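Below is one structure, written out as structure tokens, with a few remarks after it.
The values are calculated or read from the model by the stated rules, or taken from the named source; none is laboratory data. Note that the coordinates shown come from a computational prediction; the quantities given were computed from them, not determined experimentally. Neighbour counts run over all protein chains shown; Cβ positions are idealised from the backbone, glycine included.
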Amino acid sequence: MSLIASLGAIEIGLIFGLVALGVFLSFRIINFPDLTVDGSFPLGGAVSAALIVAGWNPFAATAAAIVAGGLSGYLTAWLNVRLRIMQLLASILVMIALYSVNLRIMGKPNVALINDATVFSMLEFGGMPDYWLKPLVLLGVVMAVKVLIDLFFASEAGLAMRATGSNPRMARAQGISTDRLTVWGIALSNALVALAGALFAQSQGGADISMGIGTIVIGLAAVIIGETILPARSLVVTTLACILGAVLYRFFIAVALNGDFIGLQAYDLNLVTAVLVGLALLVPSYKRKLASLWSGWRVHAASTAKGAR
């Protein structure tokens, strides 16, 4: 695989690292199975692309995309908390509605950003090629977001949010408003996903109505791969693992699709995705089985050696 293809995989992987952080927040921290991300990811792209084409500053357009994503997550959690609609159903309802909302925002199925300014073109310096500039800018954005998330979850409000997902009954007994924290947690999760969508649209030169298909699968796969490769009890390490998982996931995809000896084509992307996600789901269980076998063998070896003495 060429250097440009490798840097492109890292670039997309860093963008989906933000998605992985959002999915980790909803699924692991809040314990809320949220499918809204399949709609909030293209929402971020649609809002940023439409506003940039309308003449907005790319940074302001990206900020508006973050707010829009947060509102979509807020609506999902509100449907669950206030109207008592089941979590999955609430997120599916919002995801379906966002398809029409995204079409309304763009006015058509896609919006191109070919000759328009983006956050990447505005940060260009020294004539650095795009294939180097974009990964560096994205690395800075992703690491800044990771640090902010780590600092937030080390604060009193962040600890209360973690308690809400871990043991809501105990959290309520301590006077924590679990409903309010659930709403804000899902809003934050989808704001991160919308940021990823906005950066993806600006990186790839446009937004498309179908760009969010399978986003939740990619996010979950990144989280599972990261937790498998870099298991840890510390939240600081876990958020890093999510980002690494997303980068590795996209790198594996790139290797599979660029490996001529395998014979795969670009239209095999969904097949490769399904296989990788399946392997990511299988690895943790087999890892536990191997650890159990290894532990049993050590106990058996120790007892045998003791009997021999």
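As a summary of the residue check, A291 satisfies the conditions (1) modelled with pLDDT of 70 or more; (2) loosely packed, with under 12 Cβ neighbours inside 10 Å except for the one numbered (1).
Please note which helices (runs of 4 or more DSSP H) are completely contained in the range 137-211 and include at least 2 residues that are under 23 Å from M95 (Cα atoms) and small (G, A, S).
178-204
Of everything in the range 161-178 that is more than 12 Å from S26 (Cα to Cα) and aliphatic (A, V, I, L, M), the residue that is farthest from the chain's Cα centre (by Cα) is A173. Taking I216, is it modelled with pLDDT of 95 or more, within 26 Å of L281 (Cβ to Cβ) and of a type outside the set (G, A, S)? For I216, the condition - modelled with pLDDT of 95 or more, within 26 Å of L281 (Cβ to Cβ) and of a type outside the set (G, A, S) - is not met. Among the residues of the range 55-95, write down those that are in a helix (DSSP H, G or I) and either aromatic (F, W, Y) or in contact with a Lys or Arg (Cβ under 7 Å, 6 or more places away or on another chain) (or both). F59, Y74, W78 - these are the residues of the range 55-95 that are in a helix (DSSP H, G or I) and either aromatic (F, W, Y) or in contact with a Lys or Arg (Cβ under 7 Å, 6 or more places away or on another chain) (or both).
Does the range 110-136 hold any residues that are in a helix (DSSP H, G or I) and at positive phi, and which are they?
Within the range 110-136, none qualify.
Of the listed requirements (1) under 30 Å from I52 (Cβ atoms); (2) modelled with pLDDT under 90; (3) in a helix (DSSP H, G or I), G226 misses just one: (1). Of all residues assigned to the range 249-268, none qualifies as being acidic (D, E), more than 24 Å from G140 (Cα to Cα) and modelled with pLDDT of 90 or more. When the range 41-94 is filtered for residues that are free of Cβ contacts under 8 Å to residues at least 40 places away in the same chain and in contact with a helix residue (DSSP H, G or I) (Cβ under 6 Å, 6 or more places away or on another chain), the ones remaining, listed by number, are L51, A64, L75, L79, I85, A90. If the condition is being within 30 Å of F120 (Cα to Cα) and exposed (fewer than 13 other Cβ atoms within 10 Å of the Cβ), then the range 139-177 contributes G140, A144, V147, L148, L151.
Would you check which residues across the range 105-160 are of a type in the set (D, E), touching a Leu at 6+ places or on another chain (Cβ under 8 Å) and modelled with pLDDT of 90 or more and list them?
Across the range 105-160, the qualifying residue is only D150.
Inclusion of V47 among residues that are among the aliphatic types (A, V, I, L, M), touching a Leu at 6+ places or on another chain (Cβ under 9 Å) and farther than 24 Å from M161 by Cβ is not warranted.
Scanning the range 35-84 for residues that are farther than 24 Å from V23 by Cβ and in contact with a Pro (Cβ under 9 Å, 6 or more places away or on another chain), we see that the one that is surrounded by the most Cβ atoms within 10 Å (Cβ to Cβ) is I52. If you go through the range 96-109 and keep only what is surrounded by fewer than 24 Cβ atoms within 10 Å (Cβ to Cβ), touching a residue at least 24 places away in the same chain (Cβ under 8 Å) and either assigned to a helix (DSSP H, G or I) or not small (G, A, S) (or both), you end up with I96, A97, Y99, V101, L103, I105, M106, P109. Going through (1) at pLDDT 90 or above; (2) more than 19 Å from A9 (Cα to Cα); (3) hydrophobic (A, V, I, L, M, F, W, C) one by one, L282 falls short only on (1).
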